[in-house]
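A.B. asks: Structure incoming, see below.
The values are calculated or read from the model by the stated rules, or taken from the named source; none is laboratory data. All of these numbers come straight from a predicted model, not from anything done at the bench. With ideal geometry, Cβ positions are generated from the backbone for all residues, glycine too; neighbour counts draw on all protein chains shown. To get the accessible areas, we keep the full protein, side chains included, count just its heavy atoms, and leave off ligands, DNA and RNA. Shrake-Rupley method; radii C 1.70, N 1.55, O 1.52, S 1.80 Å.
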Amino acid sequence: MSTTEPSATKRRLILLVLVGSQLLVWIDNTILGNALEVLADPTHGLAASPGQLQWAIGSYTLVFATLMFTAGALGDRYGHRLVLGVGMAVFGASSLWAAYASSPGELIAARAVMGAGSALVMPATMAVLTWTFQGAARAQAFALLSSAAGVGIAIGPVLSGALLSRFWWGSVFLINLPIVALSLLGIIALLPEFKPPAARALDLPGLALSVSGLGLLAYGLIRAGQVAAWDRPEVWGTVVAGLALLAAFVAVELKARQPSFDPRLLARRVFGGGTAGLGLLFLAMTANSFYSAFYLQGARGYSPLEAGLLALPAAVGVMIAAPLANQLVRRTSVRAVTATALTVAGLAMGSWSLVGLTTPIGVLEVLMLIQGSAIGMVIAPVTTAVMGTLPLERAGAGSAVSNTVRQTGAVLGIALGGTIMSIVYRSSVTPSLAALPAELRSRALVSAEYARSLGDPGVTSAANDAFVHSLHVTTLWTMAAALVGALVLAVLLRPATAPTPTPGAPATGATATGATAPEAAAAGATAPSLAAPSPSPRP
């Protein structure tokens, strides 16, 4: 590990590079959502089915999630600066491939490679930030990263909408290339190399088990939406097989001397509780963004650019609330701010169950502003608290575990959200299609987009009504996930009470509840400053 501390000016420049790298990942997380309606179009897109669209998003997130901990180990072994640069290069090359994909399958493959690039970027970014900044400065840096998320959320839909209004759908991926070029220049010129003195071994068995397990689980959930049933062997069989492989993955990692994905970190109250809460938040966020894109462009008929502009209040809310959350945490606690904010976010998501085809757009704008602001008050403080429980030499491993759980939540959000919508849509629209010829009926059952393409006003009306009903049902499930996340934060981020010292007893570094001193500080302190890193590596 490098021991030279960067100057204040260089730290600011390093933060700028890291924010740019994160910005790219967040832009790509949102930029495709605005293009889903176009990709589903048989004339102007790739005629992608709902299942293929789920995989276009899910393949990226799946690879992102399952390669995250391996990327953390690579950073520990070869240096996080090098891994960050390689990740950016892979991301740029696969963006170019995705832009010129000629079929849904090719697009899914390109998106999977983009996910690999993002997986290399994320743990390296978090590790370099954790090493470069300490104390209150680190909390502020995490807040700026969360603001970058808000900027990415804001820029992504607007950029994609503007590009789709003038160019073909592939242009939404070409926008990544100039950001990649600038980030690579900053990485080469500014970032110091950082790697712990004891590198972790690559965990190929764990990688194989996690990829296959999460892949089978996602496939089973998405397949349920395609066949509109949960009781078919290809659905429940793959789900059960995926869960079994994931259980085997955890067992293997628990026995490993140097696990790339260390499940023991999740046993820490603050780290595990905060990570679980963020995972549930990402599940709800991803599902909400998936169905809201189809609502705005499909059911309401807005153009991609108009839909992107309409989503701005949510992004603005994230940008404003992230730094505000730090001020609130200083006055109260991480637990009070984040549990309350996630509760508000969940209720705002559930309010989509009251949205219809004629709901005033101003109501939606207010709803999205509240939702985005609440989300912005969760991500930065919880991330700060979670990373604050770890010493520097565990930063790569900790960020890998935390981000893997987040992205797993996103995978499940896409799979569950899209599947619930598909099943409810089919069951709702089927009675209205009885008079159609079999071929047209089968097309209309695929999705509301396919039904509208038939050009029959009666079918379009029935499809819109069925879509809105499926939207209402899905939003309630989304709200439930967010509220469970809020409960987890309220219970597990509670301040720990120090034990009453016994006269003559030696001092210990743990609290009465079993939380370590850094965990207690991160959860219950009135300021979000992180515990000082341990001066020597843990065994």
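A.B. asks: So for the pair L440, T43, with labels modelled 7 Å out along Cα→Cβ, what separation do we get in nm?
C.D. replies: With each label point 7 Å from Cα toward Cβ, the separation is 1.8 nm.
A.B. asks: Now a separate question. How large is ³J(HN,Hα) for each residue in segment 413-430, as worked out from phi by the Karplus curve 6.51 cos²θ - 1.76 cosθ + 1.60 (θ = phi - 60°), to whole Hz, x for Gly and Pro?
C.D. replies: x, 5, 5, 6, x, x, 5, 4, 4, 5, 5, 5, 4, 4, 5, 7, 8, 3
A.B. asks: Please report, to one decimal in angstroms, the Kirkwood hydrodynamic radius of segment 242-359 built from all distinct Cα-Cα pairs.
C.D. replies: Evaluated on segment 242-359, it is 17.6 Å.
A.B. asks: Using a 1.4 angstrom probe, figure out how much accessible area segment 1-121 has per residue, in square angstrom, rounded to the nearest whole.
C.D. replies: 32
A.B. asks: Then there's this: Please report, as a whole percent, how much of the solvent-accessible surface of segment 349-491 comes from carbon and sulfur atoms (probe radius 1.4 Å).
C.D. replies: 71
A.B. asks: Something else about it: Give me the number: length gained by fully extending I188 to R264, i.e. 0.36 nm times residue separation minus the C-alpha to C-alpha distance, one decimal in nm.
C.D. replies: Length gained between I188 and R264: 23.9 nm.
A.B. asks: Under a plain spin-label model, where a point goes 7 Å from the Cα along Cα-to-Cβ, how far apart in nm are D456 and S7?
C.D. replies: Using points 7 Å along Cα→Cβ, the separation is 7.3 nm.
A.B. asks: Which whole-number value in Å² is the accessible area per residue of segment 330-412, probe 1.4 Å?
C.D. replies: I get 28 Å² per residue for this part.
A.B. asks: How big is Rg to Rh over segment 340-391, alpha-carbon atoms, Rh as the Kirkwood inverse-mean-distance radius?
C.D. replies: 1.19
A.B. asks: Still on this structure, please answer the following. For segment 66-178, divide the Cα radius of gyration by the Kirkwood radius and give the resulting Rg/Rh value with two decimals.
C.D. replies: That ratio is 1.04, to two decimals.
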